[in-house]
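J.: Structure incoming, see below.
The values are calculated or read from the model by the stated rules, or taken from the named source; none is laboratory data. What you are looking at is a predicted structure, and each value in this text was computed from that prediction instead of being measured. Glycine gets a Cβ as well: all are built from the backbone with ideal geometry, and neighbour counts include every protein chain shown.
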Amino acid sequence: MSTFTRTRNRYFASFALLTSTALLLTACGSGSDDAGGGGSAQGAAKADKIPTTDVVSDIKKDAAAARLLPAGTSSLTAAISVSGSPPGTSYLADGKTLTGQDVDFADAVARTLGIKLKRESASFEAILPALDSGKYDFGASNFGVTDERRKTIDFVTYINDGQGFATRSDSKLAKITDLKQLCGLNVATGAGTTFEATLEDNKKVCADAGKKAYKVQTYSESGAIWSSLQQGRSDIVMSTINGLRYAVAHQQGVKFLNEFHRLDVGFAFKKGTKLAPAFQAAVNKLIADGTYDNILKKWGTTGSAIEKSQISPRELKN
């Protein structure tokens, strides 16, 4: 049984305008319209709201970090998913230029290492499997570091984000501290994300409590997630903390509930990569010289700062 009222038409017009803007931006690029970003199912943003401050062009090559690269490395290909809104990756008004927090961090590391970077947009759920084939050298899409992922993927951390919840403003739901609170509800999230995995792996909590299971609704497009919530097909959204905070600040009729589980976020590599030490050194150089803080300030994510980069750390436990 739903805990929500159905009086939300007053919100939908403004939401539809925001969503159509995001779909236009994502459709003008490579064709990728994935929710992306470790599941960053984020609210749509108007193009003029996307930060454009240049925080990377003055970065100089750091010889010490560059020496850690495998011999002969002069260029790398990064796979980045397009979410449609900050701080995740989106397109600027020209429909071609990728921008976002992950883009800035990837560019900053490349400049620190003195290498050329080729960016390719890809669906979020396709990136990790493609790393093993060598199609991409690394992925930069808000990938949360989990113990399950560490079995097949190497990570170099650069921020701390995690899992959170949002819902409609008229919902009676409050802070989600236990997934049993979701029993009987429809939960919208991004396909191939840690959110989907968390929800699917814990469905039994409802049966164990003698309650009706929650239904996991997955989408590969950010606009579809929020449309589902606003139109009442979904009761709640589970996604990235930073993405949810941005979404509720830029559309009417939704509210952020709470952080549920913090996760380190990192660049993703094929297991056994020799690139990890160089990337770790580059991130730590950016932290030391202040560039790191400038990137976080640009995207409004200073609460996700880390003190130092790590290679494939164990999953954070709440």
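J.: For the stretch 182-214, which positions are over 24 Å from the mean Cα position of the chain (by Cα) and not aliphatic (A, V, I, L, M)?
T.: Passing the criteria: CYS183, GLY184, LYS204, CYS206, ASP208, GLY210, LYS211, LYS212.
J.: Before we move on, is LEU128 out of contact with any strand residue (DSSP E or B) (no Cβ under 7 Å at 6 or more places or on another chain) and among the hydrophobic types (A, V, I, L, M, F, W, C)?
T.: For LEU128, the condition - out of contact with any strand residue (DSSP E or B) (no Cβ under 7 Å at 6 or more places or on another chain) and among the hydrophobic types (A, V, I, L, M, F, W, C) - is not met.
J.: Let me ask something additional. Restricting to the stretch 127-141, name every residue that is surrounded by fewer than 18 Cβ atoms within 10 Å (Cβ to Cβ) and of a type outside the set (Ser, Thr, Tyr).
T.: Correct list: PRO129, ALA130, ASP132, GLY134, LYS135.
Rundown of residues vs (1) within 21 Å of GLY164 (Cβ to Cβ); (2) at pLDDT below 95; (3) of a type in the set (A, V, I, L, M, F, W, C), yes/no style:
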{"residue": "GLY266", "(1), (2), (3)": "yes, no, no"}
{"residue": "LYS270", "(1), (2), (3)": "no, no, no"}
{"residue": "PRO277", "(1), (2), (3)": "no, no, no"}
{"residue": "LEU286", "(1), (2), (3)": "no, no, yes"}
{"residue": "GLY290", "(1), (2), (3)": "no, no, no"}
{"residue": "ASN294", "(1), (2), (3)": "no, no, no"}
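J.: Please enumerate the residues belonging to the stretch 78-108 that are part of a loop (DSSP other than H, G, I, E, B) and within 29 Å of ASP62 (Cβ to Cβ).
T.: Hits for the stretch 78-108 are SER81, PRO86, PRO87, GLY88, THR89, LEU92, THR97, GLY100.
J.: Shifting gears a bit: What strands (runs of 3 or more DSSP E) lie completely within the stretch 109-206 and have 3 or more residues being in the same structural domain as GLY253 (by TED's automatic domain parsing), over 27 Å from ILE306 (Cα atoms) and not hydroxyl-bearing (Ser, Thr, Tyr)?
T.: 186-190
J.: Given (1) within 26 Å of SER57 (Cβ to Cβ); (2) modelled with pLDDT of 95 or more; (3) outside the structural domain of THR99 (by TED's automatic domain parsing), where does MET238 come up short, assuming only one miss?
T.: Tallying (1) within 26 Å of SER57 (Cβ to Cβ); (2) modelled with pLDDT of 95 or more; (3) outside the structural domain of THR99 (by TED's automatic domain parsing), MET238 fails exactly one: (1).
J.: Can you report the number of residues in the stretch 285-304 which are more than 17 Å from PRO51 (Cβ to Cβ) and either in the same structural domain as VAL248 (by TED's automatic domain parsing) or not in a helix (DSSP H, G or I) (or both)?
T.: Final tally of qualifying residues: 1.
J.: Can you tell me which of (1) in contact with a Gly (Cβ under 7 Å, 6 or more places away or on another chain); (2) small (Gly, Ala, Ser); (3) modelled with pLDDT under 95 is the one ALA79 doesn't meet?
T.: Here ALA79 clears every test but (3).
J.: Taking the conditions exactly as written (under 19 Å from ILE306 (Cβ atoms) and either touching a Leu at 6+ places or on another chain (Cβ under 7 Å) or modelled with pLDDT of 95 or more (or both)), does ALA213 satisfy them or not?
T.: no
J.: State whether the residues of the stretch 202-211 include one that is crowded, with 24+ Cβ neighbours inside 10 Å and not acidic (Asp, Glu).
T.: No, the stretch 202-211 contains no residue that is crowded, with 24+ Cβ neighbours inside 10 Å and not acidic (Asp, Glu).
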